[in-house]
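Following: one structure in structure tokens, then a few remarks.
Computed from the coordinates by the stated procedures, all read-outs in this text should not be read as laboratory data. A quick note: this is a predicted structure, and the numbers were derived from the prediction, not measured. Please note: Cβ atoms are built from the backbone with ideal geometry, for glycine as well, and neighbour counts cover all protein chains shown.
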Amino acid sequence: MAKPGKINEALQPVLAAAVNRELELPNALVTVVYVKCSQDLKYATVGVSVLPSGWQGTVLKKLRQKSGAIAGDLKKNLVIRRIPKLRWLVDDTEDRAQAVEAVLAEEEAEIKKIIKKK
């Protein structure tokens, strides 16, 4: 049996190409950030990044609608026994990183004000 890590690596570029081909959203950029298969390889959680973030709901809805066609692409382009059922999630790592950076910038500005007063 293939290891999930190797399957994840094989799935990601094929999924990225299929997502770009199947989604018809000219105003949104969708990137496949990660793929995590379950140990039994029945399910694959696919993390996508969506820009602008206001399109996240629309993108998830379209991805769920197009899951069958995307799975068909996987079947054509990969040699694996079973195509995992796809679960779509929005990866919000970038949004959280920006929020942390904003807080850090505010704190840095406060520290500079305190230092100037002394």
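For a Förster distance of 25 Å, can you work out the FRET efficiency between the beta-carbons of D92 and Q65, rounded to the nearest 0.05? Numbers along the way, then the final one.
Numbers: r = 22 Å, r/R0 = 0.87.
Taking R0 as 25 Å, the efficiency between D92 and Q65 is 0.70.
Taking a quarter of the surface of the Cα convex hull of the stretch 39-117, what do you get in nm²? Mind showing how you got there, number by number?
Values: hull surface 32.1 nm².
Its Cα hull, projected and averaged over all orientations, spans 8.0 nm².
Expressed in nm to one decimal, what extension gain is obtained for the pair T31 and I115 from 0.36 nm per residue of sequence separation less their Cα-Cα distance? Mind dumping the intermediate values first?
Numbers: separation 84, 0.36 × 84 = 30.24 nm, distance 4.28 nm.
Once the chain is fully extended between T31 and I115, it gains 26.0 nm.
Please give the helix 4-22 orientation as an angle from the longest Cα principal axis of the chain, in degrees from 0 to 90, rounded to the nearest 10.
90 degrees
Of all DSSP beta bridges located in the chain, what percent are antiparallel, nearest 5? Please list the in-between numbers first.
Values: 8 of 14 bridges.
Counting DSSP beta bridges with both partners in the chain, the antiparallel share is about 55 percent.
Around R82, with a cut-off of 10 angstrom between Cβ atoms, what is the net charge of the other residues, counting Lys and Arg +1 and Asp and Glu -1?
With Lys, Arg at +1 and Asp, Glu at -1, the neighbours total +3.
R0 = 41 Å: FRET efficiency of V103 with R82, Cβ-based, nearest 0.05? Provide the component values of the computation, followed by the final result.
Values: r = 44 Å, r/R0 = 1.08.
The calculated FRET efficiency here is 0.40.
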